[in-house]
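The values are calculated or read from the model by the stated rules, or taken from the named source; none is laboratory data. From a predicted model like this one, the values you see are computed outputs, not experimental measurements. Ideal geometry is used to build each Cβ from the backbone, glycine not excepted, and the neighbour counts take in all protein chains shown.
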Amino acid sequence: MLLDLSLPDNSGLDGLRRMREAAKNAPVVILTGSADPVAAEDALKAGAQDYLVKGQFDREMLFRSLRYACERQRIQNELAERNRQLEEALANVKELNAMLPICSWCHKIRDDGNFWRKMEEYIASRTKSTFTHSICPECREKLRRQKRQDAG
């Protein structure tokens, strides 16, 4: 999107802010008659991808600016989506770090629906974790002692 900051109904950065609100994911390149570096920096901080001064660019520079603006916006959109996914994953991890009601006998977990589920099922439904099962050395020794007692 090319936005002229000197339009009568969209003067200054208010027009840019309104455009960003209306089209959050669209790249915006500012066209202006002002070569003020502070105004350019303010426009970039407000969400513009580039700032071109009228009369100081040619066709090639305009196309390059638009192409780069589109790519930068695509990357920003992708980053925002990745951040959303990370926030969701973090919420799942925080949920797993919270106090969980676990049965002392069978080690099932009570879920949000008040149902008792296997711990592996509960964790797998909230993360991408997978499980393998084996016996730790302490339990293996306890089993050996139990077998000896049962046999002897």
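When region 82-106 is filtered for residues that are modelled with pLDDT of 85 or more and among the basic types (K, R), the ones remaining, listed by number, are R82, R84. Filtering E41, E81 for residues that are loosely packed, with under 13 Cβ neighbours inside 10 Å, in contact with a strand residue (DSSP E or B) (Cβ under 9 Å, 6 or more places away or on another chain) and closer than 30 Å to R17 by Cβ leaves a single hit, E41. Of the residues making up region 92-144, just one is of a type in the set (D, E), surrounded by 10 or more Cβ atoms within 10 Å (Cβ to Cβ) and outside any helix (DSSP H, G or I), namely D111.
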